[in-house]
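The values are calculated or read from the model by the stated rules, or taken from the named source; none is laboratory data. None of the values given here were measured: they were computed from a predicted structure. In this analysis, Cβ positions are derived from the backbone assuming ideal geometry, glycine residues included, and neighbour counts consider all displayed protein chains. SASA here: full protein model, heavy atoms, side chains in, ligands and nucleic acids out. Shrake-Rupley method; radii C 1.70, N 1.55, O 1.52, S 1.80 Å.
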Amino acid sequence: MVDLSVQIGSVTLRNPVMPASGTIAEGFAEIVDLGRLGAIVLKTITPDIRQGTQPPRVAEFTDATLFSIGIPSKGPDYLLESTLPVYAGFGVPVVASVSADSVEDFGTLAAYISAPGVAAIEANVSCPNLRAHGQAFGMDPEATAEVIRAMKARTDTPIWAKLTPNVGDIAQIARAAEAAGADALVVSNALLGMAVDAENMRPRLGNVIGGLTGNAVKPVILRMVHQVAQAVSIPIIGCGGIANGEDAVEYLLAGATAVQFGTVNFIEPAAMEDAIAWIEAYCRRHGVTEVRALTGAMSPRHDQKSPLQSAVL
Amino acid sequence: MTATCPAPSTAPDPAPAAAFPIADTACRVVSNEPVNAEYRLLLAEAGPAALTAEAGQFFQLKCPPTTLDRPFLRRPMSVYRIDRQNGQIGFLYKVTGKGTRGLSTLVPGDTLEAIGPLGLGFTLPAGTRHVLLVARGVGLATLTPLVQMARAAGAEVTAILSARNPAMVMSRDELAAQGARVIEVTDTAGDSDMAQVEALLRRLHAEQPFDFAATCGSNRLLQLTKALSAEWQIAGQAAMEAFMGCGMGMCYACVLPVTAPSGETIFKRVCREGPVFSIEEVQSW
């Protein structure tokens, strides 16, 4: 029997697999059993009601997609009254996700949605800070820290900082978030990209720029998880191109405690359930009795083996 | 239409699958043959959940990779045939890109991975007596199962099929076999322009009034059908399409601007609040 449970600060997950924010919705429960997941992460909400960006909103590449959705949001009251009750019955921790245009609004929104049934709040700091000429909060260590401090000051609910990968030194941002009191880091949001239609000479997305996700980005984000793991001691949740159990284990070995599945949910709704079974079988195959022992257990190629690998091989 | 295709059944719906009404199923391909120079018909054996599909609903199909292409996202495809008697679903498609190129490589015995049925299909108002279908191109595929639904509800159906040339008129036999009166208009015959189609629709309505209109596949036909439905004060619906991310209401990529009752323009998801919309709310195809 493999113990698949992991600890993200004060939150215990029965297994390390959860969806990335914005990649499941009410329709998903009609297809798969959400009760088997480690956690349920909800779509980002903003304090205001937003329609999102002009379509087209998605372009497709080999093993990747470019999305620009623009966080359509029905606001915090809809979250509390309509969204939470849908997910309350699965016996799985529910993680809300918030974004805002100002540090103050991040704090206010965190306090407002700190209801029973919200196990943690993800801070989506990849959105533009309207007071910094639209630069994303997450692109600046101090702005990231301010957001986390504002949220921690207004709620006791654990705060997970979801970092943007669109920075030069992700470890610096990670350290700032940790110092500001973040309970965990989600690494990471989507890589900025764009696509042009040569034939009609127009951008392929209504918003011109979007976020690149899907299996193709895995090496980039895996590298970031590895770098962040060297820099902080709070738990890391890996998120980037994870499509199966093997991808998930790679992230755990690189330093993540849990993982988020994103774009693959759009294509293979069973991916997360299949991955949980795969991870369990992997652990059994490697004589690992607790999945948490995999976190950071990657052994250096040119140095001595890690204690775990020495123990099992 | 190939002669070997079984006639669609009007058998009652099987009971919906209990816990998970939408299935992620592996269907077995029965046939996948060209029906004319551009379109192919894919028939597959499907499970009970898939066979609950109604006219206007769609499936998210996994398109197989080829030596040239590796489609990443699934492709939404409206259901063309719901054959509950023989346990089959069918899709009529045109090979236009890497997804449909992949689909065209499927041969009998292969597995077609299909999530569905998805979205909201057509809803006929109770007591509907005469249904008008107006479609062009592959829009006919989406409207075809509506004939089955309307006939089962005791309504008559008149279908206007618009195409570039007679060889491209899809579904003629299928629609006729189900009891629709079929009228073809084509660019080559010179009777498919909007003025002539409008005159035709007005004449048909004068002979035997329509009380429900449905359209798919052409913006000009949508505008005409919308205007006439408003003038005649009859209910109407339009099946819309969009490039989709997930098809399951999760990613919000497939939104379409629609007119809310308040008059403001809002976005609705084609996959979840559609693909069939009220004809008053849609703006353009």
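Residues in region B:74-94: is at least one of a type in the set (Ser, Thr, Tyr) and surrounded by fewer than 19 Cβ atoms within 10 Å (Cβ to Cβ)? Write out each step before concluding.
First pass over region B:74-94, keeping only residues of a type in the set (Ser, Thr, Tyr): B:78, B:80, B:93.
The next check asks that each one be surrounded by fewer than 19 Cβ atoms within 10 Å (Cβ to Cβ); those that pass are none.
No: region B:74-94 contains no residue that is of a type in the set (Ser, Thr, Tyr) and surrounded by fewer than 19 Cβ atoms within 10 Å (Cβ to Cβ).
Looking at A:ILE71 and the list (1) within 17 Å of the chain's Cα centre (by Cα); (2) assigned to a strand (DSSP E or B), which single condition is not satisfied?
Here A:ILE71 clears every test but (2).
State whether the residues of region A:11-27 include one that is of a type in the set (D, E, K, R), modelled with pLDDT under 95, open to solvent by 20 Å² or more (accessible area, probe 1.4 Å) and not in a loop (DSSP other than H, G, I, E, B).
Of region A:11-27, the ones of a type in the set (D, E, K, R) are A:14, A:26.
Imposing the further condition that a residue be modelled with pLDDT under 95 reduces the set to A:26.
So of that shortlist, the ones also open to solvent by 20 Å² or more (accessible area, probe 1.4 Å) come out as A:26.
Applying the additional criterion that residues be not in a loop (DSSP other than H, G, I, E, B) yields A:26.
There is at least one residue in region A:11-27 that is of a type in the set (D, E, K, R), modelled with pLDDT under 95, open to solvent by 20 Å² or more (accessible area, probe 1.4 Å) and not in a loop (DSSP other than H, G, I, E, B).
Do we have any residue at all in region B:176-196 that's under 22 Å from the mean Cα position of the chain (by Cα), at pLDDT 95 or above and under 24 Å from B:LEU73 (Cα atoms)?
no
Looking only at region A:262-274, filter to residues that are closer than 13 Å to A:VAL32 by Cβ and either away from chain B (no Cβ under 14 Å) or in a loop (DSSP other than H, G, I, E, B) (or both); which one of those is most open to solvent (accessible area, probe 1.4 Å)?
Restricting to residues being closer than 13 Å to A:VAL32 by Cβ and either away from chain B (no Cβ under 14 Å) or in a loop (DSSP other than H, G, I, E, B) (or both), the top hit is A:GLU268.
Looking only at region B:257-285, which residues are open to solvent by 60 Å² or more (accessible area, probe 1.4 Å) and aromatic (Phe, Trp, Tyr)?
The one that is open to solvent by 60 Å² or more (accessible area, probe 1.4 Å) and aromatic (Phe, Trp, Tyr): B:TRP285.
Quick one: is B:SER284 in contact (Cβ under 8 Å) with a residue 40 or more places away in the chain, more than 9 Å from every other protein chain (Cβ to nearest Cβ) and part of a loop (DSSP other than H, G, I, E, B)?
Values: in contact (Cβ under 8 Å) with a residue 40 or more places away in the chain: yes; more than 9 Å from every other protein chain (Cβ to nearest Cβ): yes; part of a loop (DSSP other than H, G, I, E, B): yes.
Judged against the criteria, B:SER284 is a match.
One residue is enough: does region B:234-247 have a residue meeting the conditions buried (at least 19 other Cβ atoms within 10 Å of the Cβ), part of a loop (DSSP other than H, G, I, E, B), charged (D, E, K, R) and in contact (Cβ under 8 Å) with a residue 12 or more places away in the chain?
Within region B:234-247, one or more residues are buried (at least 19 other Cβ atoms within 10 Å of the Cβ), part of a loop (DSSP other than H, G, I, E, B), charged (D, E, K, R) and in contact (Cβ under 8 Å) with a residue 12 or more places away in the chain.
Of the residues in region B:109-144, how many are in contact with a Lys or Arg (Cβ under 8 Å, 6 or more places away or on another chain), at negative phi and outside any strand (DSSP E or B)?
3
Working only within region A:228-246, note down all residues that are open to solvent by 10 Å² or more (accessible area, probe 1.4 Å) and in a helix (DSSP H, G or I).
A:ALA229, A:GLN230, A:ALA231, A:GLU246
Residue by residue through region B:33-56, note down the ones that are of a type in the set (A, V, I, L, M, F, W, C) and either in a loop (DSSP other than H, G, I, E, B) or open to solvent by 50 Å² or more (accessible area, probe 1.4 Å) (or both).
Those that are of a type in the set (A, V, I, L, M, F, W, C) and either in a loop (DSSP other than H, G, I, E, B) or open to solvent by 50 Å² or more (accessible area, probe 1.4 Å) (or both): B:VAL35, B:ALA37, B:ALA46, B:ALA49, B:ALA53, B:ALA55.
Every residue, every condition in (1) β-branched (Val, Ile, Thr); (2) in contact (Cβ under 8 Å) with a residue 60 or more places away in the chain; (3) surrounded by fewer than 19 Cβ atoms within 10 Å (Cβ to Cβ); (4) assigned by the TED database to the domain that holds B:TYR80, yes or no:
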position	(1), (2), (3), (4)
B:SER162	no, no, no, no
B:ALA177	no, yes, yes, no
B:GLU184	no, no, yes, no
B:ASP187	no, no, yes, no
B:GLY190	no, no, yes, no
B:ALA195	no, no, yes, no
B:CYS216	no, yes, no, no
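When the residues of region A:228-246 are filtered to those that are more than 20 Å from A:GLY22 (Cα to Cα) and in contact with a Gly (Cβ under 9 Å, 6 or more places away or on another chain), which remaining residue is farthest from the other protein chains (Cβ to nearest Cβ)?
Step one: of region A:228-246, the residues more than 20 Å from A:GLY22 (Cα to Cα) are A:228-235, A:245-246.
Subset that is in contact with a Gly (Cβ under 9 Å, 6 or more places away or on another chain): A:228-230, A:234-235.
Details: A:VAL228: 27, A:ALA229: 29, A:GLN230: 32, A:ILE234: 29, A:PRO235: 26 Å.
Result: A:GLN230.
Would you check if there is a residue in region A:71-87 being within 14 Å of chain B (Cβ to nearest Cβ), open to solvent by 10 Å² or more (accessible area, probe 1.4 Å), in contact (Cβ under 8 Å) with a residue 60 or more places away in the chain and out of contact with any strand residue (DSSP E or B) (no Cβ under 8 Å at 6 or more places or on another chain)?
Yes; the residues of region A:71-87 include at least one that is within 14 Å of chain B (Cβ to nearest Cβ), open to solvent by 10 Å² or more (accessible area, probe 1.4 Å), in contact (Cβ under 8 Å) with a residue 60 or more places away in the chain and out of contact with any strand residue (DSSP E or B) (no Cβ under 8 Å at 6 or more places or on another chain).
How many of the residues making up region A:49-70 are in contact with a Ser or Thr (Cβ under 7 Å, 6 or more places away or on another chain) and not small (Gly, Ala, Ser)?
8
Tell me, yes or no, whether region B:99-115 has at least one residue that is open to solvent by less than 10 Å² (accessible area, probe 1.4 Å), under 21 Å from B:LEU161 (Cβ atoms) and not charged (D, E, K, R).
Looking through region B:99-115, none of the residues is open to solvent by less than 10 Å² (accessible area, probe 1.4 Å), under 21 Å from B:LEU161 (Cβ atoms) and not charged (D, E, K, R).
For region B:57-71, check the following and say yes or no: at least one residue is open to solvent by 10 Å² or more (accessible area, probe 1.4 Å), within 14 Å of another protein chain (Cβ to nearest Cβ) and part of a helix (DSSP H, G or I).
For region B:57-71, residues open to solvent by 10 Å² or more (accessible area, probe 1.4 Å), within 14 Å of another protein chain (Cβ to nearest Cβ) and part of a helix (DSSP H, G or I): absent.
Checking the condition more than 9 Å from chain B (Cβ to nearest Cβ), closer than 25 Å to B:PRO71 by Cα and in contact (Cβ under 8 Å) with a residue 40 or more places away in the chain, which residue from A:LEU37, A:LEU66 passes?
So the residue among A:LEU37, A:LEU66 that is more than 9 Å from chain B (Cβ to nearest Cβ), closer than 25 Å to B:PRO71 by Cα and in contact (Cβ under 8 Å) with a residue 40 or more places away in the chain is A:LEU66.
Quick check on my filter: what residues within region B:72-90 are within 14 Å of chain A (Cβ to nearest Cβ) and part of a strand (DSSP E or B)? Break it down stepwise before answering.
Applying the first criterion (within 14 Å of chain A (Cβ to nearest Cβ)) to region B:72-90 yields B:72-76.
Hits for region B:72-90 are B:ARG75, B:PRO76.
Quick check: anything in region A:130-148 open to solvent by 50 Å² or more (accessible area, probe 1.4 Å) and either in contact with a Gly (Cβ under 8 Å, 6 or more places away or on another chain) or under 20 Å from A:GLY255 (Cα atoms) (or both)? Let's see the steps before the verdict.
As a first pass, look at region A:130-148 and keep what is open to solvent by 50 Å² or more (accessible area, probe 1.4 Å): A:130-131, A:133, A:135, A:139-140, A:142, A:146.
In the following step, the residues that additionally are either in contact with a Gly (Cβ under 8 Å, 6 or more places away or on another chain) or under 20 Å from A:GLY255 (Cα atoms) (or both) were identified as none.
Looking through region A:130-148, none of the residues is open to solvent by 50 Å² or more (accessible area, probe 1.4 Å) and either in contact with a Gly (Cβ under 8 Å, 6 or more places away or on another chain) or under 20 Å from A:GLY255 (Cα atoms) (or both).
Give region A:161-207 a look and list any residue that's free of Cβ contacts under 8 Å to residues at least 40 places away in the same chain and in a loop (DSSP other than H, G, I, E, B), or say none.
Matches in region A:161-207: A:THR164, A:VAL167, A:GLY168, A:ASP169, A:ALA180, A:GLY181, A:ALA198, A:GLU199, A:ASN200, A:MET201.
With the requirement that a residue be touching a residue at least 40 places away in the same chain (Cβ under 8 Å) and within 8 Å of chain A (Cβ to nearest Cβ), what does region B:255-274 give you? Give the derivation first.
Looking only at region B:255-274, we keep the residues that are touching a residue at least 40 places away in the same chain (Cβ under 8 Å), and these are B:270-274.
Selection gives B:ARG272 alone.
Would you point out which residue out of A:ALA281, A:ALA216, A:ALA277 is open to solvent by 40 Å² or more (accessible area, probe 1.4 Å), assigned to a helix (DSSP H, G or I), within 14 Å of chain B (Cβ to nearest Cβ) and more than 19 Å from A:ILE24 (Cα to Cα)? Before you say what the answer is, go through the steps one by one.
Working: A:ALA281 fails: within 14 Å of chain B (Cβ to nearest Cβ); A:ALA277 fails: within 14 Å of chain B (Cβ to nearest Cβ).
Of A:ALA281, A:ALA216, A:ALA277, the one residue that is open to solvent by 40 Å² or more (accessible area, probe 1.4 Å), assigned to a helix (DSSP H, G or I), within 14 Å of chain B (Cβ to nearest Cβ) and more than 19 Å from A:ILE24 (Cα to Cα) is A:ALA216.
Any idea which of (1) open to solvent by 10 Å² or more (accessible area, probe 1.4 Å); (2) more than 14 Å from chain A (Cβ to nearest Cβ); (3) free of Cβ contacts under 8 Å to residues at least 60 places away in the same chain; (4) outside any loop (DSSP other than H, G, I, E, B) is the one B:LEU224 doesn't satisfy?
(3)
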